[in-house]
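The structure appears below as structure tokens.
The values are calculated or read from the model by the stated rules, or taken from the named source; none is laboratory data. All values derive from a computational prediction rather than experimental measurement. Using ideal geometry, Cβ is built from the backbone for each residue, glycine included, and neighbour counts are taken over all protein chains shown.
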Amino acid sequence: MKKLKLILSSLSFMAFAFLLFTSCKDNEKKSIAIDTSKIVVSGSMEAELTSPPFVPASVGNRPAKKLIVNMEILEEEGTMTDGTTYIYWTFGGSVPGSFIRTRVGDEVEFTLSNHPDNKLPHNIDLHAVTGPGGGATSSFVAPGHEKTFSFKTLNPGLYVYHCATAPVGMHIANGMYGLILVEPEGGLPKVDKEYYIMQGDFYTKGDNGAPGLQAFDMKKAVAEDADYVVFNGKVGSLTGDNAITANVGETVRLYVGNGGPNLVSSFHVIGEIFDRVNIEGGSAINENVQTTLIPAGGAAIVEFKVDVPGTFIIVDHSIFRAFNKGALGMLKVKGSESKQLYSGVKQEGIYNPEGGTIQEMPTDGAKKIAVKGNKTLAEKIASGKNLYTKTCFACHQANGEGIPSAFPPLAKSDYLNEDVKRTIGIVLNGKTGEITVNGKKYNSVMTKQTLTEDEIADVLTYVYNSWGNNKTNVKVSTVQEVKSGH
Ligand code: HEC
Ligand SMILES: [Cu+2]
């Protein structure tokens, strides 16, 4: 009897060992079998691109294709919060940039165009790319130009893309990031609702809520002292009428990214538990998760079924960011209540008031001044100030202080004050090559500014009459002289 037991148990041990062995072998076989670099593409198609919170149609079981992506970079003023604006640098006109949806094995032909009205060169580093710089070196593009490069998607997952042009932190801080999804063979499982959410932190000269157009603040960015931490580029992008929606019984999938540049997100939906999370946007799935960590330059796919109606608040659970800096969104779920699941008193909007701390403000600041032949000095300065905020400010900064080792200062600039005609020439024709300003060397590119002669006179008069400069009144006639080469 004892012997029999022994035989049986050793048999079962052997069976177990055998199973273990074969399943290991199976796994090995699988990872060898799917060499995604060998997937052959059939035909080509243009990629559908969407702005947040929407995503393109799922790939389903389509074969791998040559996928054509046309992305346009736009630098434009947008709303940060009621009464506060910011000059965003964007991929496709939104922050985060357009959502790109591919499947493993696709050959993506990527064309990045830089709008002629833009002030700066840019490029793109896609974390889904296997290749130097994630595409950055092949995509560096000046205003009014476009660049094409291609890559094959080898690894399924949700990936961040971002601009990687110096100063990299500043390009990212101004909104240059987005997500690219690479679906596995056969596509992701079907769900009822899918949305695109991406967190970012912003650094402005004025504190949170300060009215008017706010400049990027390099000091605060380096100190990681964010004025705004938001979803989808601004306060309120996902609240009130902008809330994302679902119906009771549906499964919701969120593609969540974090552009940073600095902060890590503790992503949480108040009153929901994530049924499934693709941790860090990869293939590992965690279940029954309350809060998932999303690194700067990282992503996660979260999925949950909504069982009861109500407003579910989406937050970065580093909670002051949610209630005081803007990282707050809403998922509104409609449908009939289920008293067994949740029978409490519903207090919709209870978290709302704190999130809406920022109120009305005067919207002046950009008074249009009619272009007349003979403007007074004060009129020229006022008009020049307006032009400065629209054109020069992104690089030379609000008070002409520039950015160390990237953009030279215009405030108390010995270089500027030395030679008016040379300065006019710089604005007319752009400037490259090494220059020394206040003892510091700069060797970068200032693109030619698209301004009229009148506007150049105004903007330079403003610069010369600000920040400790020598108060030159720049005449239109002098601009004309320089232009005609005298
Ligand atoms: C795209 C960013 C950018 C914009 C926009 C820009 N500049 Fe520049 N600017 C630069 C860079 C970079 C240099 C240094 C070029 C070099 O290294 O040769 C420079 C140099 C200068 C200089 C000479 C150096 C100094 O600090 O005195 C002046 C003057 C100047 N810019 C004025 C302006 C004015 C006025 C505007 C707006 C009409 C403007 N710039 C818009 C990037 C920019
Ligand atoms: Cu950029």
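Before we move on, is residue 186 surrounded by fewer than 16 Cβ atoms within 10 Å (Cβ to Cβ) and in the same structural domain as residue 278 (by TED's automatic domain parsing)? Yes: the conditions hold for residue 186.
For (1) within 13 Å of ligand 2 (Cβ to nearest atom); (2) part of a loop (DSSP other than H, G, I, E, B); (3) not assigned by TED's automatic domain parsing to the domain that holds residue 187, each residue gets a yes or a no:
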site	(1), (2), (3)
87	yes, no, no
93	no, yes, no
109	no, no, no
119	yes, yes, no
133	no, no, no
136	yes, no, no
146	no, no, no
151	no, no, no
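Residue 91 passes every criterion in (1) more than 16 Å from ligand 1 (Cβ to nearest atom); (2) over 19 Å from residue 155 (Cβ atoms); (3) surrounded by fewer than 21 Cβ atoms within 10 Å (Cβ to Cβ); (4) not β-branched (Val, Ile, Thr) apart from (3).
Looking for something within 8 Å of ligand 1 (Cβ to nearest atom) and over 26 Å from residue 145 (Cβ atoms) - is there at least one such residue anywhere in the range 426-434? Scanning the range 426-434, I find no residue that is within 8 Å of ligand 1 (Cβ to nearest atom) and over 26 Å from residue 145 (Cβ atoms), so the answer is no. Considered as a group, the residues in the range 453-485 that are closer than 20 Å to residue 430 by Cβ and assigned to a loop (DSSP other than H, G, I, E, B) include one that is modelled with the lowest pLDDT, and that residue is 485.
Of all residues in the range 121-130, none satisfies the criterion of being among the hydroxyl-bearing types (Ser, Thr, Tyr) and outside any loop (DSSP other than H, G, I, E, B). Taking residue 180 as the residue in question, decide whether it is in contact (Cβ under 8 Å) with a residue 12 or more places away in the chain, in contact with a Ser or Thr (Cβ under 9 Å, 6 or more places away or on another chain) and among the β-branched types (Val, Ile, Thr). In short, yes. Does residue 477 fit the bill of being more than 19 Å from residue 397 (Cα to Cα), in the same structural domain as residue 398 (by TED's automatic domain parsing) and either among the small types (Gly, Ala, Ser) or within 16 Å of ligand 2 (Cβ to nearest atom) (or both)? Answer is yes for this residue.
Residue under question is residue 84, and the condition is that it be crowded, with 18+ Cβ neighbours inside 10 Å, touching a Pro at 6+ places or on another chain (Cβ under 8 Å) and among the hydroxyl-bearing types (Ser, Thr, Tyr); does it hold?
Here the answer is yes, as residue 84 does meet what is asked.
Taken over the range 165-184, the criterion of being farther than 15 Å from residue 101 by Cβ, part of a loop (DSSP other than H, G, I, E, B) and modelled with pLDDT of 95 or more is satisfied by 174, 175, 176. Residues that are touching a residue at least 12 places away in the same chain (Cβ under 8 Å), buried (at least 20 other Cβ atoms within 10 Å of the Cβ) and touching a Leu at 6+ places or on another chain (Cβ under 6 Å) do occur in the range 292-300.
Applying the condition of being free of Cβ contacts under 8 Å to residues at least 40 places away in the same chain and either assigned by TED's automatic domain parsing to the domain that holds residue 75 or part of a helix (DSSP H, G or I) (or both) to the range 391-422 and asking which residue is nearest to residue 117 (Cα to Cα) yields 396. Looking across the range 217-236, just one residue is in a strand (DSSP E or B) and in contact with a helix residue (DSSP H, G or I) (Cβ under 6 Å, 6 or more places away or on another chain), and that is 229. Reported count of residues in the range 390-406, each being near ligand 1 (Cβ under 6 Å from one of its atoms) and touching a strand residue (DSSP E or B) at 6+ places or on another chain (Cβ under 7 Å), is 3. Quick one: how many residues across the range 134-148 are crowded, with 17+ Cβ neighbours inside 10 Å and not small (Gly, Ala, Ser)? Result for the range 134-148: 4. Scanning the range 424-462 for residues that are away from ligand 2 (no atom under 16 Å from the Cβ), touching a residue at least 40 places away in the same chain (Cβ under 8 Å) and surrounded by 19 or more Cβ atoms within 10 Å (Cβ to Cβ) turns up 424, 451, 455, 457, 458, 459, 460, 461, 462. Checking 130, 111, 85, 102 one by one, the residue that is away from ligand 1 (no atom under 16 Å from the Cβ), of a type outside the set (A, V, I, L, M, F, W, C) and touching a Gly at 6+ places or on another chain (Cβ under 7 Å) is 85 and no other. Restricted to the range 251-286, and to residues there that are among the β-branched types (Val, Ile, Thr) and part of a loop (DSSP other than H, G, I, E, B), the residue that is nearest to residue 98 (Cα to Cα) is 264. Can you name the residue in the range 188-231 that is hydroxyl-bearing (Ser, Thr, Tyr) and touching a residue at least 40 places away in the same chain (Cβ under 8 Å) and, of all such residues, is nearest to residue 299 (Cα to Cα)? By that ranking, first place goes to 196.
For the range 40-81, taking the residues that are buried (at least 21 other Cβ atoms within 10 Å of the Cβ) and small (Gly, Ala, Ser), the one that is farthest from the chain's Cα centre (by Cα) is identified as 64.
For the range 276-283, indicate whether the set of residues that are touching a helix residue (DSSP H, G or I) at 6+ places or on another chain (Cβ under 9 Å) and in contact (Cβ under 8 Å) with a residue 40 or more places away in the chain is non-empty. No, the range 276-283 contains no residue that is touching a helix residue (DSSP H, G or I) at 6+ places or on another chain (Cβ under 9 Å) and in contact (Cβ under 8 Å) with a residue 40 or more places away in the chain.
Scanning the range 160-196 for residues being within 16 Å of ligand 1 (Cβ to nearest atom) and over 12 Å from the mean Cα position of the chain (by Cα) gives a total of 4.
Within the range 303-334, the residues that satisfy the criterion of being within 30 Å of residue 209 (Cβ to Cβ) and in a strand (DSSP E or B) are 310, 311, 312, 313, 314, 315, 316, 328, 329, 330, 331, 332.
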